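To keep things clear, I will list the structure first and then write my remarks on it.
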Amino acid sequence: MAIKEATFGAGCFWCVEAVFDDLKGVEEVHSGYSGGHIKNPAYREVCMGTTGHAEVARIIYNDEIISFDKLLEVFWYVHDPTTLNRQGNDVGEQYRSIIFYHDEEQKEKAELYKQKLENSGAFKDSIVTEIEPLKNFYKAESDHHDYYINNPNQPYCQAVVRPKVEKFKSAFSEILK
């Protein structure tokens with residue numbers, strides 16, 4: 001078994017975690033923070049937009065079951081990569097669209113996929129997704145892990161997370177756990 005890691009920011013990490021956790025071959029998903037300039041940030045600090053971190057999901061996956069390419073396909077599908085520092089009503093640089101690559105192969109694949117999407121005209125606006133090397137990852141506080149699973153009736157989960165998860169499940173049913 002070849003276990004690898006991917007780190008994506010696509011808005012609120014509750015949404016991102018809920019989507020990737022349902023994929024065959026994904027062993028674990030951890031909500032956290034990457035890309036900022038302070039060590040061990042807390043949720044409140046990140047939400048204030050003063051740390052430079054993005055809310056991200058760290059995806060631990062078996063690449064013999066699911067490829068990085070397929071993870072990229074899901075990433076691009078489940079959020080709007082054309083809105084700068086925003087996903088829906090979530091606004092701030094912590095919600096930016098970003099791929100933190102773990103190695104040169106991930107960097108090349110992410111850049112190629114982004115360019116193909118840009119050239120295809122799939123989006124009417126330009127893609128603003130950042131592609132950067134992973135320099136740090138800090139796990140979010142424990143109450144943010146499995147948030148959607150543990151809080152399905154919370155208003156944000158009902159209004160934002162659930163519709164994203166349902167849309168994702170209908171499009172990727174063949175690779176769901």
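Multiplying each eigenvalue of the alpha-carbon gyration tensor of the range 83-177 by 5 and taking the square root yields semi-axes of 26, 19, 16 Å, largest first, rounded to whole angstroms. Put simply, when 109-122, 92-105 are sorted by average Cβ atoms within 10 angstrom per residue, most first, you get 92-105, 109-122. Only Cα sites of the range 21-112 enter the Debye sum here, all with the same form factor; the resulting log10 I(q)/I(0) across q = 0.22, 0.23 1/Å is -1.23, -1.28, listed in q order. For the listed residue pairs Lys24/Lys124; Lys39/Lys164; Lys4/Lys135; Lys4/Lys114, the alpha carbons are over 26 angstrom apart in Lys24/Lys124; Lys39/Lys164. Taking Gln87, Gln158, Gln106 as the candidate residues, the one with maximal mean-square fluctuation in a Gaussian network model of the chain, Cα springs under 10 Å, is Gln158.
A value for volume of the Cα convex hull per residue in Å³ was derived from the coordinates, and within the list (1) 115; (2) 178; (3) 132 it appears as (1). Compute a Gaussian network model of the chain, connecting alpha carbons closer than 10 Å, and tell me which residue from Asp63, Asp80, Asp125 fluctuates the most. So, out of Asp63, Asp80, Asp125, the one fluctuating most is Asp125.
For the range 88-128, count all C-alpha to C-alpha pairs, find those more than 12 Å apart, and express that count as a whole percent of the total.
In whole percent, the share of Cα-Cα pairs in the range 88-128 beyond 12 Å is 66.
Which residue fluctuates most in the GNM of the chain (Cα springs below 10 Å): Ser67, Ser34, Ser142? With Cα springs under 10 Å in the chain, the top fluctuation among Ser67, Ser34, Ser142 is at Ser142.
Coupling constants for the range 103-118 follow from the phi torsions by the Karplus curve (6.51 cos²θ - 1.76 cosθ + 1.60, θ = phi - 60°), and in residue order they are 7, 5, 4, 4, 4, 4, 5, 5, 5, 5, 4, 4, 5, 4, 5, 4 Hz; glycine and proline get x.
No lab work stands behind these numbers, since they all come straight from the coordinates. Remember, it's a predicted structure, so these values are computed and weren't measured experimentally. No Cβ is skipped: glycine too gets one built from the backbone with ideal geometry, and neighbour counts run over all protein chains shown.
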